[in-house]
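Just below is one structure, and these are the notes that go with it.
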Amino acid sequence: MLTFSAGAVNAWGFLSLGGVFTSVVTANSALIGIGLGGADPTLGGLAAVAVLCYVLGAAGAGAAGHPQRGGRPHWADFLLLELLLLWAVVGWWLAVDADPSGGERTAMLGTVAAAMGCQNAGVRLAMGAQMPTAYLTGLLTGAVTDAVTDRRIQWRVLGTTTLLILGAAAASLLERLLPGAAPLLPALLVTAAWLTVHARTGARRAS
């Protein structure tokens, strides 16, 4: 659910919030450089907002999900923070009838970028560095290297990449057919993930 939602957020952010990504820091960093070089300062500025807010979101997830007293990280905490950010954007998007001003669009971009930073940092805390949901360059590179050197196919990596692509395709389709509903998709998916984790945590405590 989180990987699918990450693809949806990145696609919607790219199509509707200024042509930059919400969690692809490598690409956004290159766009910042393009802006600094004078080719497209506006695009560079938007990319800088996305990167800064991504960092802030990652820091927030680190604080929210940090294990207390030697315990395990709290999945539900960082997911709750992420879904609150995503639903804030959904409400804002609907309030302006899917037609925000330039400043509102930039603020929405920053908010969803913070949500993605929160998701990636939270997943890293809870599941380790080898289970990313939105940045796949290193993961795919490792999978290709293993396939060549060890003759071992990492099906999980292929599945993750496919889910990200499908999430982006779904958001793109919604953006074209029902623009007002496009940001609902990732918000609903992250909410479902939070409810799943929350229910399992509650059941574990009860037992």
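The table below gives the values:
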{"quantity": "Single unsatisfied condition, residue 42 versus (1) part of a helix (DSSP H, G or I); (2) modelled with pLDDT of 90 or more; (3) surrounded by 13 or more Cβ atoms within 10 Å (Cβ to Cβ)", "calculated": "(3)"}
{"quantity": "Residue ID - modelled with the highest pLDDT, chosen from residues in segment 180-207 that are more than 19 Å from the chain's Cα centre (by Cα) and either not in a helix (DSSP H, G or I) or not aliphatic (A, V, I, L, M) (or both)", "calculated": "180"}
{"quantity": "In segment 89-102, the residues that are surrounded by fewer than 17 Cβ atoms within 10 Å (Cβ to Cβ) and free of Cβ contacts under 8 Å to residues at least 24 places away in the same chain", "calculated": "91, 92, 95, 96, 99, 101, 102"}
{"quantity": "Scan of segment 130-153 for residues that are touching a helix residue (DSSP H, G or I) at 6+ places or on another chain (Cβ under 9 Å) and under 16 Å from residue 23 (Cβ atoms), ordered by number", "calculated": "131, 132, 133, 134, 135, 136, 137, 139, 140"}
{"quantity": "Single match in 152, 105, 124 (criterion: more than 22 Å from residue 54 (Cα to Cα) and either open to solvent by 40 Å² or more (accessible area, probe 1.4 Å) or in contact (Cβ under 8 Å) with a residue 40 or more places away in the chain (or both))", "calculated": "152"}
{"quantity": "Matching residues, segment 17-32, being open to solvent by less than 40 Å² (accessible area, probe 1.4 Å), without any contact (Cβ under 8 Å) to a residue 60 or more places away in the chain and either within 18 Å of residue 175 (Cβ to Cβ) or over 16 Å from the mean Cα position of the chain (by Cα) (or both)", "calculated": "19, 31"}
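The values are calculated or read from the model by the stated rules, or taken from the named source; none is laboratory data. Everything numeric in this text was worked out from a predicted model, so none of it was measured. Reconstructed Cβ throughout: ideal geometry from the backbone, glycine too, with neighbour counts over all protein chains shown. When the accessible area is computed, the model is the full protein with side chains, heavy atoms only, and any ligands, DNA or RNA have been set aside. Shrake-Rupley method; radii C 1.70, N 1.55, O 1.52, S 1.80 Å.
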